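Notes follow the structure.
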């Protein structure tokens with residue numbers, strides 16, 4: 001249970017960064033921290049004690065494999081996470097070229 | 001096992017806190033890398049080699065993109081004085097964190113303890129999967145056979161994201 005709580009605290013750390021920081025790059029980093037904590041939580045749920053990696057040994061096919069379903073889901077999510085992060089960084093660099101700052105408050109004041 | 005993962009997750013929390021509070025943006029990006037690479041070690045300890053491989057590649061690409069963005073712009077963190085708006089955001093943060101803690105209390109009653117996964121759903125996928133999918137790796141079997149359409153959608157999302165990045169970076173933009 002401790003490790004679930006720590007994983008949740010990691011999520012809250014990312015959420016705190018998203019809410020309180022003013023620098024766009026730090027907001028992007030905090031978003032990816034939240035993402036990582038979700039991946040870790042799903043991988044933790046799939047683990048079981050004494051489990052082996054979900055690769056079938058043909059000589060002895062009945063083994064306590066760990067759950068392959070959360071792992072398949074996280075595998076998809078990691079790649080999608082890379083796509084969203086690349087898109088986010090492209091938007092951020094465009095904003096920097098237009099306004100010359102990463103500070104979201106100044107960007108708001110410069111509008112219009 | 002649980003102790004080792006707890007130590008690594010604690011390390012990840014420290015890295016995330018440093019990334020959030022660093023004065024230099026480049027150090028913040030590198031400290032964000034601590035979180036990603038520690039996640040690789042966690043995946044290895046949790047017996048998920050496929051995830052570890054993908055995560056190490058993705059984390060490296062993300063770091064390269066972020067370092068390129070930071071080197072192309074400014075490394076100075078935006079620090080202003082701690083005014084009334086900063087108080088409002090800090091108060092909002094504390095409030096939302098408290099609400100989420102309440103959700104944790106609600107949800108932790110229904111969570112199975114760590115390491116006691118029942119495989120209630122996975123049994124249907126694991127039993128005889130090698131004969132049905134032809135793949136020795138069960139994760140590959142799920143991704144490319146049972147959920148092939150999902151993987152096709154994932155590839156579509158990747159292509160869309162690459163097209164979006166190219167479009168955004170090539171735009172000329174209005175002069176201000």
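Quick note: the coordinates plus some simple rules give every number you see, no bench work behind them. This one's a predicted model, so the numbers in the text were calculated from it and none came from an experiment. So basically every Cβ, Gly included, is an ideal-geometry build from the backbone, and we count neighbours across all protein chains shown.
Find the Cα radius of gyration of segment A:49-104, compare it with 2.2 N^0.38 Å by division, and give the number to two decimals.
Working: Rg = 20.9 Å, N = 56, 2.2 N^0.38 = 10.2 Å.
With N residues counted in segment A:49-104, Rg over 2.2 N^0.38 Å equals 2.06.
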Taking the square root of 5λ for each eigenvalue of the C-alpha gyration tensor of segment A:2-110, the equivalent ellipsoid has semi-axes, largest first and in whole angstrom, of 39, 16, 6
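Projected area of segment B:119-176, taken from the Cα convex hull and averaged over every viewing direction, in nm²? Don't skip to the end; give the middle numbers.
Values: hull surface 25.6 nm².
Directional mean of the projected Cα hull area for segment B:119-176 stands at 6.4 nm².
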Can you tell which of A:33, A:18, A:56 shows the greatest fluctuation in a Gaussian network model of chain A with Cα springs below 10 Å?
A:56
Please give the helix B:84-108 orientation as an angle from the longest Cα principal axis of chain B, in degrees from 0 to 90, rounded to the nearest 10.
10 degrees
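Per residue of A:94-106, how many C-beta atoms from partner chains lie within 10 Å of its own C-beta, taken as a mean? Numbers along the way, then the final one.
On the way: counts 4, 1, 4, 4, 4, 1, 3, 4, 9, 6, 1, 4, 2.
Shielding by partners across A:94-106 averages 4.
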Given a Förster distance of 30 angstrom, what is the FRET efficiency for residue B:53 paired with residue B:18, based on the Cβ-Cβ distance and rounded to 0.05?
0.65
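What is the mean projected area of the alpha carbon convex hull for the protein assembly as shown, to one decimal in square nanometres?
Details: hull surface 66.5 nm².
Taking a quarter of the hull surface, the average projection is 16.6 nm².
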Relative to the first principal axis of the alpha-carbon coordinates of chain A, what is the inclination of helix A:68-99, with its axis defined by its Cα atoms, in degrees from 0 to 90 and to the nearest 10?
10 degrees
Among B:140, B:151, B:92, the residue with the largest mean-square fluctuation in a Gaussian network model of chain B built from Cα contacts under 10 Å is B:92
Size of chain B along its principal axes in angstrom, Cα-based, largest extent first?
63, 46, 26
Once label points are set 7 Å from the Cα along Cα→Cβ at both residue B:71 and residue B:87, what is their separation, rounded to one decimal in nm?
4.4 nm
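Nearest 500 deg cm²/dmol is fine: what mean residue ellipticity at 222 nm does the protein assembly as shown get from its DSSP H runs of n ≥ 4 alone, each adding -39,500 (n - 2.57), divided by its residue count? Intermediate values should be presented prior to the final figure.
Details: 12 runs with 207 residues, N = 288.
That comes out to -24000 deg cm²/dmol.
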Tell me the angle of helix B:148-170 to the major Cα principal axis of chain B, expressed in degrees between 0 and 90 and rounded to the nearest ten.
20 degrees
If N is the number of residues in segment B:7-111, what value comes out of its Cα radius of gyration divided by 2.2 N^0.38 Å?
1.34
